[in-house]
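The values are calculated or read from the model by the stated rules, or taken from the named source; none is laboratory data. Owing to the predicted nature of the structure, the values given are computational and were not obtained by experimental measurement. Glycine also receives a Cβ, built like all others from the backbone with ideal geometry; neighbour counts cover every protein chain displayed.
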Amino acid sequence: MKTHYYSGHAVALRRELGTVLPREQLRAFHRKTAVRHVVVAARQFAILGLTTWGLVQISNPLIWIPLVLVQGFTVFNFTVLLHEVLHHLVFARPRPRLERLLGLLYAVPSGISASQFTRWHLDHHAELGSADADPKRHHLSPKRNARWFKLLYCTPALFPIYFRAARRETATYPADLRRTIAWERQLSILAHLAVLAAIWTLAGTAAALRAYVLPVFFVFPIAFTLNRLGQHYDIDPAEPAKWSTLVRGHWFWNFAFLNSNYHLEHHYFPGVPFYRLPALQRALVPFYERHGMRWHGYGGLIRGWLVENRAPHTDWSRAAASPVARESQALPPVNG
């Protein structure tokens with residue numbers, strides 16, 4: 001049963017966040033500009049198309065290996081665009097039919113159901129902080145704090161892990177929603193099989209490996225896992241303001257993850273579109289300082305996760321003499 005755990009525990013935080021910035025500034029951060037979203041989406045489709053063409057045509061590993069990395073991250077980023085749709089962050093006014101079409105379109109590259117992802121993610125927002133009711137934490141977070149098990153998430157094993165988690169949560173949904181999820185998933189799978197078959201038939205096995213198998217099955221899991229490290233793994237369970245991980249803004253990760261690296265800011269203000277999150281983080285620096293928030297980079301998160309073998313959804317700074325803790329003591333300037 002869902003309990004709306006987050007709203008029940010974050011009353012004081014929500015009240016403070018309502019006053020932390022001037023009303024006009026908050027209103028400006030929440031302004032949605034459909035053109036900006038469409039331009040970014042068009043760029044992502046262009047990157048996907050160009051990298052696919054390059055991977056089909058080029059067999060020089062000095063060229064195709066970087067293209068595989070770019071394409072794998074691009075496939076992941078369509079889930080970020082879908083995330084914008086489910087939060088109604090594309091259009092200034094409700095456009096349910098267009099949002100539905102965009103949701104289906106963005107879900108296909110990663111092979112997921114738009115409806116399943118929407119319900120899963122909105123439940124995650126409502127139940128943030130709960131070990132049982134939050135579906136991402138309950139079903140998807142590693143239950144074994146072992147390095148070899150964590151590394152499985154960076155391999156093709158992610159797909160059975162994710163779909164098993166999704167299937168368990170979907171079993172609790174109403175029957176009509178389960179039927180919708182089933183046909184959406186079939187649509188995504190058929191689209192992937194059609195793309196793979198076309199590349200294989202027209203360009204051969206090597207091209208299919210470069211342009212489909214490696215980006216989707218080997219790079220996408222790395223992008224997924226790295227992005228998730230910056231969400232809720234190093235947190236303070238005792239303070240709702242710190243139930244998400246504060247990741248320092250950086251131009252490279254902003255581009256690589258379409259600003260989904262600003263996950264803390266998104267949970268604070270889920271109505272702010274992704275292209276305004278870097279500015280929102282800069283505006284919230286005084287709030288972070290007052291609360292003694294610790295900044296993180298992906299290098300430090302990887303070190304804490306794999307080298308120091310920290311458990312998910314815990315406060316990594318409490319470990320004695322932790323390098324991650326030492327790195328995070330100073331509050332550095334934010335790069336937009």
- Item | Which listed residue, of R276, R282, R290, R303, is within 20 Å of R228 (Cβ to Cβ) and either of a type in the set (S, T, Y) or modelled with pLDDT of 95 or more (or both) | R303
- Considering each of F91, F76, F117 in turn, give the residue that is among the aromatic types (F, W, Y), at pLDDT 95 or above and surrounded by fewer than 21 Cβ atoms within 10 Å (Cβ to Cβ). F91
- Message: Which of the numbered conditions does T201 fail, given that it passes all the others? Conditions: (1) more than 18 Å from I47 (Cα to Cα); (2) in contact (Cβ under 8 Å) with a residue 12 or more places away in the chain.
- Response: (2)
- Task: With the checklist (1) among the hydrophobic types (A, V, I, L, M, F, W, C); (2) closer than 21 Å to V219 by Cα; (3) under 21 Å from the mean Cα position of the chain (by Cα) in hand, flag the one item A42 doesn't pass.
- Result: (2)
- Message: Any residue that is in contact with a Gly (Cβ under 9 Å, 6 or more places away or on another chain), surrounded by fewer than 14 Cβ atoms within 10 Å (Cβ to Cβ), modelled with pLDDT of 95 or more and outside any loop (DSSP other than H, G, I, E, B) - is there at least one of those in the stretch 45-57?
- Response: no
- Task: Could you figure out which of (1) surrounded by 21 or more Cβ atoms within 10 Å (Cβ to Cβ); (2) touching a residue at least 24 places away in the same chain (Cβ under 8 Å); (3) more than 18 Å from H83 (Cα to Cα) isn't true of A208?
- Result: (2)
- Filtered residues of the stretch 92-111 (kept if assigned to a helix (DSSP H, G or I), touching a residue at least 12 places away in the same chain (Cβ under 8 Å) and aliphatic (A, V, I, L, M)): L102, L104, A107
- Task: Kindly indicate which of R137, R93, R144 is under 15 Å from the mean Cα position of the chain (by Cα) and among the basic types (K, R).
- Result: R137
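Please enumerate the residues belonging to the stretch 168-202 that are more than 19 Å from G103 (Cβ to Cβ) and assigned to a helix (DSSP H, G or I).
Initial filter on the stretch 168-202 (more than 19 Å from G103 (Cβ to Cβ)): 168, 171-172, 175, 193-202.
R168, A175, L193, A194, V195, L196, A197, A198, I199, W200, T201, L202 - these are the residues of the stretch 168-202 that are more than 19 Å from G103 (Cβ to Cβ) and assigned to a helix (DSSP H, G or I).
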- Query: So W148 clears everything in (1) closer than 19 Å to P221 by Cα; (2) surrounded by fewer than 19 Cβ atoms within 10 Å (Cβ to Cβ); (3) touching a residue at least 60 places away in the same chain (Cβ under 8 Å); (4) of a type outside the set (A, V, I, L, M) except one condition, right? Which one?
  - Reply: (3)
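For the stretch 112-133, enumerate the residues that are more than 23 Å from P160 (Cα to Cα), not hydroxyl-bearing (S, T, Y) and not in a helix (DSSP H, G or I).
E127, L128, G129
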- Query: For K32, which of the numbered conditions (1) part of a helix (DSSP H, G or I); (2) farther than 28 Å from T205 by Cβ; (3) within 22 Å of the chain's Cα centre (by Cα) fails to hold?
  - Reply: (1)
- Filter the stretch 1-29 for residues that are among the hydroxyl-bearing types (S, T, Y) and in a loop (DSSP other than H, G, I, E, B); the one that is modelled with the lowest pLDDT is T3
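Being under 10 Å from the mean Cα position of the chain (by Cα) and either in contact (Cβ under 8 Å) with a residue 24 or more places away in the chain or under 24 Å from N145 (Cα atoms) (or both) narrows it down to one residue among L258, L246, L264; which is it?
Details: L246 fails: under 10 Å from the mean Cα position of the chain (by Cα); L264 fails: under 10 Å from the mean Cα position of the chain (by Cα).
That would be L258, the only listed residue that is under 10 Å from the mean Cα position of the chain (by Cα) and either in contact (Cβ under 8 Å) with a residue 24 or more places away in the chain or under 24 Å from N145 (Cα atoms) (or both).
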- Message: Please count how many residues of the stretch 183-197 are free of Cβ contacts under 8 Å to residues at least 60 places away in the same chain and surrounded by 14 or more Cβ atoms within 10 Å (Cβ to Cβ).
- Response: 2
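Only one of these is within 19 Å of F220 (Cβ to Cβ) and either hydroxyl-bearing (S, T, Y) or touching a Pro at 6+ places or on another chain (Cβ under 6 Å) (or both): T155, T170, T180. Name it. Let's see the steps before the verdict.
Working: T170 fails: within 19 Å of F220 (Cβ to Cβ); T180 fails: within 19 Å of F220 (Cβ to Cβ).
Going through T155, T170, T180 in turn, just one is within 19 Å of F220 (Cβ to Cβ) and either hydroxyl-bearing (S, T, Y) or touching a Pro at 6+ places or on another chain (Cβ under 6 Å) (or both): T155.
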